[in-house]
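Since every read-out is calculated from the coordinates, none of them should be taken as a lab result. The structure displayed is predicted, hence computed values, not measured ones. Virtual Cβ from ideal backbone geometry, glycine too; neighbours counted across all protein chains shown.
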Amino acid sequence: MPLNHRFLKACRQLHLYLGVFTAPALLFFAITGGLQTFSLHETTRGSSYAPPRWLAVAAQLHKKQTPDLPVRKPRPAANPAAAPGPAAAPAPAPAPATPKRNPLPLKVFTALVALSLTVSTLTGLYMAWRYSRRVGRLVAVFLAGVAVPILLTLA
């Protein structure tokens with residue numbers, strides 16, 4: 001077997017096993033990133049929306065690599081009569097209004113990228129499973145790709 005052929009075979013094997021090992025993490029980051037694009041993981045001011053706990057924890061893992069959610073400080077009640085301050089503060093001059101950009105097109109594009117990464121990863125896993133002669137080894141590598149991040153999170 002020529003050296004060039006052996007090198008390409010080794011590259012294909014490395015690509016196969018690295019792809020199967022990292023597929024669970026790619027799926028996690030693509031899905032949670034897509035959900036974060038539309039701020040589904042957090043509450044916004046003036047909104048009654050409260051994200052599900054699993055989504056908030058997944059977003060925290062995605063952004064800060066920890067499942068511990070930060071403790072939010074309660075907002076103080078607004079009482080303008082009790083606030084000490086100058087009686088007649090001059091009002092600042094209004095700043096010139098700049099046109100506000102619409103982030104929706106970029107958010108839609110980012111969501112499509114997350115969706116395509118998810119679909120691409122799933123089809124890659126399907127092809128690895130379907131066209132491999134060593135399915136048991138692939139399952140073991142995939143399960144290791146699931147277990148390692150979980151164990152590192154719990155450690």
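What's the angle, to the nearest 10 degrees (0 to 90), between helix 135-154's Cα axis and the longest principal axis of the chain?
So the inclination is approximately 30 degrees.
Compute the long axis of helix 3-37 from its Cα atoms, compare it with the longest principal axis of the Cα atoms of the chain, and write down the angle in degrees, 0 to 90, nearest 10.
Computed tilt is about 30 degrees.
Could you sort 26-35, 133-142, 100-109 so that the peptide with the highest average Cβ count within 10 Å comes first and the rest follow in order?
Sorting 26-35, 133-142, 100-109 by mean packing, highest first, produces 26-35, 133-142, 100-109.
Enumerate lysine pairs in the chain that are 8 or more residues apart or on different chains, then count those whose Cα atoms are under 24 Å apart.
Details: 63/73; 63/107; 64/73; 64/107.
Step by step, the pairs that qualify in the chain add up to 4.
Relative to the longest principal axis of the C-alpha atoms of the chain, give the angle of the C-alpha long axis of helix 53-64, reported between 0 and 90° and rounded to the nearest 10°.
Taking the Cα atoms of the chain, the angle to 53-64 is about 80 degrees.
Wrap a convex hull around the Cα atoms of the chain, take a quarter of its surface area, and give that in square nanometres. Let's see the in-between values first.
Numbers: hull surface 68.5 nm².
Mean projected area of the Cα convex hull: 17.1 nm².
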